[in-house]
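This report refers to the structure that appears directly beneath it.
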Amino acid sequence: METLSFKSSFAQAAEDSYTNFDTVKEWKRETGGLALGYFPVYFPEELPHSLGILPVGLYGASGGVALDMATAHTQSFVCSITRSVFQMALQGNLDVFDGLIFSNICDVARNLSGITKRNLQKRYVDYIHLPINNNSSYATKYLNDEYLRVSAALEKLVGKKLETRQLAKSIRAYNERRRLQLELVNLRRSKPWLLDYTEWYSIMRSGSIMPVEHYVDQLQRYVSELAAKDAKAMDRIRVAVVGNFCEQPPLMLMKVIEDAGCYIINDEGLLGSRWLGNVETKGDPLFSLAQAYVQNAEPLTVRFHPDINKQSYIANFVRNIKADGVIFLTPKFCEPALYDYMIYKSTLDEIKMPYLHLEYEESSSSFEHIRTMVETFAESILFD
Ligand code: SF4
C-alpha cells in the first residue's frame, strides 16, 4: 500500500508540473514562501532554495495549452517548449511564480527571456549568462560572479541575505537528490524491466516541482523498494535515447518505442536535474557550485566544453551501457540537439552501432509512422 501511495504522489506532482502548479500554490499558502520558475536545461536550484524560495522547473505544457498567443508573438520555426512556456506566462498559468529565470542555452531560449521580460514587466525575470569558454581559467570566477549577481536579485525579491552555511546545506540536499537520481539511472540500465518509461519519467519530473527534502525522502524509499523488486526480463533490444534534454517528448511516443520492442536504458529527459553530480560543500559553496558547472567532465549538449571529445564520449558511452542501438530523439527546430546528432552519427557509423533519428514536438499525438520505424529498427537488430 505504501509503495502505491508514494508512486501516486510522484505521478500527481509530475502531472501538476505541466500547466497547473497547484502544489506550488499550496506550498506558498502553507509556508508563506516565494516560488521561482526556471527554464531548462540546467539551473542552480540551490541559490533560491537557500533563501527559502521554491525552485520549479518549467519543462513545457506537453500539449496542455493552445499556443495561439505565443504563436502571435514568435516565429513559426521555434521549438514547442519555448512557445508553451511563453503561452503559459501570457495567459496566467505562471502567475504563481514570483520570478522566472532563463539562461543562454541557445538563441531561442535567449530570446524567450527577453520577450518574457518585456511582456511581464512587473515580475522579476532574469537571465543567467552561463560561460561559453569553459576551459578558460577565468570561467569559474566569471560564473561565481554571475551567481552572486542572481543571488543579489533573489535576496532583494525575498528580503533576506544569502548565508554561506545555508547555501552549503542546500547543496547537500541537492547532492542527495542527484545521488539518488543517478542510482535510479544505474538501476534502470542494469534492470530496465523493473520500471517502464512512464513510471521513470513521473519520478524524474516530480523532482522538478516537489520541495527537495520531501522528494529525497520519497525517492530514497522508492529506490530501495525497486532494487528489491523481482520481475522477468523480456526479449527486447537495449536502446539509448539522446536529444531530449530540453523539450520533453510526449509520454505516448516513449511508450510506442517501448512497445515496438525496446528497453530505454538511457535518455536525457530532465538531464539537468542530475547532471551536476556531487558538489563540494567545504570552503566557499558558491564558488564550488560554479566550479562544478565549469569543470564537469560529463557532456551537456547546451554547454560547450572544448576539452570534451564528443566522438570518443559517445563511442565509450554506448559500449559501457551495453546499448544495442541509439535513437536520436530531437525536438523539432532544436539546433543544439541536431548539432549533437551530426557529431554522434558519424562516430556510430564508424563503430557500426545502429541508430535511428526521430523528430517530435511536445504536443505530437500521432505516432503510427514512428511505431513502424521503431519496429523495423528493433527487428533489424534482433534478427541481425
Ligand atoms: S528545445 Fe532546443 S532550441 Fe528549444 S529551447 Fe531547448 S535547447 Fe533551445
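Values quoted throughout were computed directly from the atomic coordinates according to the rules given, and no laboratory measurement underlies them. These numbers come from a predicted model, not from an experiment. A quick note on method: Cβ atoms are made from the backbone with ideal geometry, for glycine too, and the neighbour counts reach across all protein chains shown.
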The residues ILE343, ILE237, sorted from fewest to most surrounding Cβ atoms within 10 Å, come out as ILE343, ILE237
Euclidean distance of C-alpha centroids, region 136-158 and region 31-52, integer Å = 14 Å
Report ³J(HN,Hα) in whole Hz for each residue of region 228-245, in order, from the Karplus equation J = 6.51 cos²θ - 1.76 cosθ + 1.60 where θ = phi - 60°; Gly and Pro get x.
-> 8, 6, 10, 8, 9, 6, 10, 7, 10, 7, 9, 10, 9, 9, 10, x, 9, 7
Virtual spin-label span in nm between LYS255 and ASN278, 7 Å along Cα→Cβ = 3.9 nm
Counting only DSSP loop positions in region 299-357, the trypsin sites (Lys or Arg not before Pro) whose Cβ has at most 16 other Cβ atoms within 10 Å are LYS322, LYS332, LYS352
As straight-line cross-link partners of LYS232, the qualifying lysines (C-alpha separation under 22 Å, not fewer than 8 residues apart within one chain) are LYS7, LYS191, LYS255, LYS322
Packing-based exposure ordering (other Cβ within 10 Å, fewest first) of GLU30, GLU163, GLU258 | GLU30, GLU163, GLU258
Taking H placed 1.01 Å from N in the peptide plane, check which residues at least 5 places from GLY99 or on another chain put their amide H under 5 Å from its amide H.
-> ALA35, GLY37
Which trypsin sites (Lys or Arg not before Pro) in region 231-277 pass both tests, a DSSP loop state and at most 16 other beta-carbon atoms within 10 Å?
-> LYS232
Longest principal axis of the chain (C-alpha) makes with the long axis of helix 197-206 (C-alpha) an angle, in degrees to the nearest 10, of 10 degrees
If the viscosity is 1.306 mPa s and the temperature 10 °C, what Stokes-Einstein diffusion coefficient in µm²/s follows for region 28-111 when Rh is the Kirkwood radius over Cα pairs?
-> 117 µm²/s
